Amino acid sequence: LPWQRQSDMVTIDAEVDFISDRGDEVWNILQSRGVQNVILVGVHTNMCVLGRPFGLRQMARCGMNVVLMRDMTDTMYNPRRWPYVSHHEGTRRVIAHIERYVCPTITSDQVLGGEVFRFSDADNGDEPYLDSPAMPDEPQRHWSITNVPQRGDQVDGGLNQWLRCV
């Protein structure tokens, strides 16, 4: 059946996992479980991940500590249209916009360890997430430190604080 998963590598446990495309339903599930820290992944960053009622903008507006896991996302971008850059550069530009105006980003290795995900066609270094693409002139006064609880030693010395847009 369609819309049950993006990949066979993802296991969905009906006892603890929820799937919804309704912002109010997602919000109620997060609130009922006391969730304040959210890492968003998925496609398409410039559409669903950023703009849907359960997306980055809305979560940040509602006071959630939200970050985008930038190597676990992609955009809907056609390189044959303006601004006529590669698909990966189009994704990098969306990520830079998110970092500047919405929330910070992380990569999967910061949470899971191991290596950052790499697209097989990005061997030339044209990857959207190798380094944080935040604009160098971003005023730091817009970001504050937020402590993130960790589950024991499962995160190997990694993420204990995030920057949050205020």
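For the reader, a short list of remarks on this structure follows.
- Matching residues, the stretch 101-117, being within 19 Å of residue 45 (Cα to Cα), assigned to a loop (DSSP other than H, G, I, E, B) and either among the small types (Gly, Ala, Ser) or free of Cβ contacts under 8 Å to residues at least 40 places away in the same chain (or both): 107, 108
- Taken over the stretch 65-96, the residue count meeting the criterion of being in contact with a Cys (Cβ under 9 Å, 6 or more places away or on another chain) and farther than 25 Å from residue 7 by Cβ is 1.
- Pairs with Cβ under 6 Å, 6+ apart, first in the stretch 63-87 and touching a residue at least 12 places away in the same chain (Cβ under 8 Å), second open to solvent by less than 40 Å² (accessible area, probe 1.4 Å) and aromatic (Phe, Trp, Tyr): 67/162; 70/129; 71/129
- Checked against the criterion of being in a helix (DSSP H, G or I) and either farther than 23 Å from residue 30 by Cβ or among the basic types (Lys, Arg) (or both), the stretch 64-78 has no qualifying residue.
- Residue count for the stretch 32-59, restricted to those that are on the phi > 0 side of the Ramachandran plot, touching a residue at least 24 places away in the same chain (Cβ under 8 Å) and open to solvent by 30 Å² or more (accessible area, probe 1.4 Å): 0
- Within the stretch 86-100, if we keep just the residues that are of a type in the set (Val, Ile, Thr) and open to solvent by less than 10 Å² (accessible area, probe 1.4 Å), the residue that is farthest from residue 44 (Cα to Cα) turns out to be 98.
- For the stretch 107-134, taking the residues that are modelled with pLDDT under 70 and among the hydroxyl-bearing types (Ser, Thr, Tyr), the one that is nearest to residue 89 (Cα to Cα) is identified as 129.
- Close contacts from the stretch 13-31, counting a first residue that is in contact (Cβ under 8 Å) with a residue 24 or more places away in the chain and open to solvent by 90 Å² or more (accessible area, probe 1.4 Å) and a second that is not polar (S, T, N, Q) and not in a loop (DSSP other than H, G, I, E, B), with Cβ to Cβ under 9 Å and a gap of 6+ residues or different chains, come to 21/48.
The values are calculated or read from the model by the stated rules, or taken from the named source; none is laboratory data. Predicted model, so just to flag it, every value in this text is computed and none were measured. Positions of Cβ are generated from backbone atoms using ideal geometry, with glycine treated the same way; all protein chains shown enter the neighbour counts. SASA here: full protein model, heavy atoms, side chains in, ligands and nucleic acids out. Shrake-Rupley method; radii C 1.70, N 1.55, O 1.52, S 1.80 Å.
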